[in-house]
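Working notes, structure below.
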Amino acid sequence: MGKLAVLSLSVAALAVLIGERLITLRHLSLYYREPTQNYLPNCHHIEGIECGAEDITILANGLAFLSTCVKHPDLPSYSDDPGKIYTLNLLDSKMKIKAMNVKGDLDKDSFNPHGISLYTDDKDGAIYLFVVNYPQGNSQVEIFRFVEDENALQYIKTIKHELLHNVNDIVAVGTESFYATNDHYFTNEILKSVEPFLSLPWCDVVYYSPQTVQVVAGGFLLANGINISPDKRHLYVSDLLKHKIVVLEIQKNTVLSHVKEVDVGSLCDNIEVDRESGDLWLGCHPNGRNWLLQDPNNPPGSEVIRIENILSEKPKVTQVYADDGSVIIASSVATPYGGKLLIGTVYQKALICDLK
């Protein structure tokens with residue numbers, strides 16, 4: 001066979017491979033799905049949030065913590081200021097956010113918060129906030145102690161480890177221990193883009209404690225949100241590109257065993273768990289095409305999905321809220337409290353609605 005024939009066959013094979021990959025990527029990103037509108041009553045934007053509330057979590061007393069203004073090279077930025085953690089008292093009719101003062105030896109100018117998790121110590125009732133932080137694009141976890149009477153965070157320590165190389169979200173299980181998701185295998189930006197293109201299932205979940213750091217689950221296309229069941233027996237992980245929530249059982253040695261996967265039909269980001277019912281609330285991206293293009297004339301939509309009875313044979317998956325981007329762009333988290341629903345976004349605004 002001549003060189004020209006070999007070259008022609010090679011080019012044809014490459015074209016077929018690229019075509020197949022593009023078709024697969026469009027399926028994974030829900031490229032052709034059109035955002036819809038499914039509104040809740042009495043929705044309004046939370047005043048003071050203009051650069052996103054990527055993650056939101058709420059204490060039992062109704063005090064919400066909001067992680068805001070994350071900076072990412074591939075996303076729009078509506079503020080040049082460092083990221084902040086805000087609180088919002090959902091039992092206060094004024095519904096005003098308050099910026100938290102960060103005390104201690106933390107570089108506040110490079111603070112770039114993403115996923116957050118609260119942990120209450122059974123021994124003394126102390127409340128700790130774990131924050132995924134990206135200073136100068138690095139991946140690390142900050143641990144703070146909540147000083148309630150000052151609405152402040154006392155910096156305790158920074159966690160860095162080679163296994164925590166692309167941390168997206170976190171769930172605290174002790175005063176210095178947590179599970180975390182890595183949303184990419186590679187740290188190089190070019191290689192990161194290759195992962196979804198080739199559908200490499202190399203993302204993982206890492207367990208960290210001062211005594212042990214290990215990968216405890218893998219095989220995710222894009223591991224994103226993570227949270228824990230009220231009885232602390234199961235972890236829930238969002239595999240964003242598979243459009244699934246993966247249920248994992250926590251073993252005595254902290255390793256996780258696979259239980260099941262639940263289809264959600266959307267690109268779901270963070271997971272919040274109702275502490276009473278155990279229901280999962282998901283902030284989701286209904287269409288990855290709009291997310292990738294970031295066209296202001298055709299913005300990414302938003303979607304909130306609820307999963308009831310996830311451990312049963314037939315979990316109930318319900319779309320609670322949906323918008324085509326005209327009200328709120330790129331929802332990343334949704335969490336209920338007292339008949340209200342808070343919806344946060346990666347880089348734009350935050351919304352509060354009445355639940356039907």
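The values are calculated or read from the model by the stated rules, or taken from the named source; none is laboratory data. All values derive from a computational prediction rather than experimental measurement. Note that each Cβ is placed from the backbone with ideal geometry, even for glycine, and that neighbours are counted across all protein chains shown. Surface accessibility is based on the protein's heavy atoms, side chains included, excluding ligands, DNA and RNA. Shrake-Rupley method; radii C 1.70, N 1.55, O 1.52, S 1.80 Å.
Listed here are the residues, each with its yes/no results for (1) of a type in the set (A, V, I, L, M, F, W, C); (2) open to solvent by 80 Å² or more (accessible area, probe 1.4 Å).
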{"site": "P35", "(1), (2)": "no, no"}
{"site": "E50", "(1), (2)": "no, yes"}
{"site": "S67", "(1), (2)": "no, no"}
{"site": "D80", "(1), (2)": "no, yes"}
{"site": "G83", "(1), (2)": "no, no"}
{"site": "V102", "(1), (2)": "yes, no"}
Item to check | Matching residues in the range 226-261 - criterion: being more than 27 Å from R289 (Cα to Cα) and either among the aliphatic types (A, V, I, L, M) or open to solvent by less than 20 Å² (accessible area, probe 1.4 Å) (or both) | outcome: I228, S229, H234, L235, V247, L248, I250, V255, L256, V259
Checklist entry - Is it the case that D122 is touching a Gly at 6+ places or on another chain (Cβ under 7 Å) and either crowded, with 19+ Cβ neighbours inside 10 Å or not in a strand (DSSP E or B) (or both)? => result no
Next on the checklist: I need the full set of residues from the range 278-299 which are at pLDDT 95 or above and surrounded by fewer than 22 Cβ atoms within 10 Å (Cβ to Cβ), in order please.
Outcome noted: G278, D279
Checklist entry - Across the range 272-325, which residue is farthest from Y236 (Cα to Cα) among those that are hydroxyl-bearing (S, T, Y) and either in contact with a Phe, Trp or Tyr (Cβ under 6 Å, 6 or more places away or on another chain) or without any contact (Cβ under 8 Å) to a residue 40 or more places away in the chain (or both)? => result T318
Next on the checklist: Any residue in the range 77-98 that is hydrophobic (A, V, I, L, M, F, W, C) sitting within a Cβ distance under 7 Å of a residue that is loosely packed, with under 13 Cβ neighbours inside 10 Å and assigned to a loop (DSSP other than H, G, I, E, B)? List the pairs, counting only those 6 or more apart or interchain.
Outcome noted: L90/G338
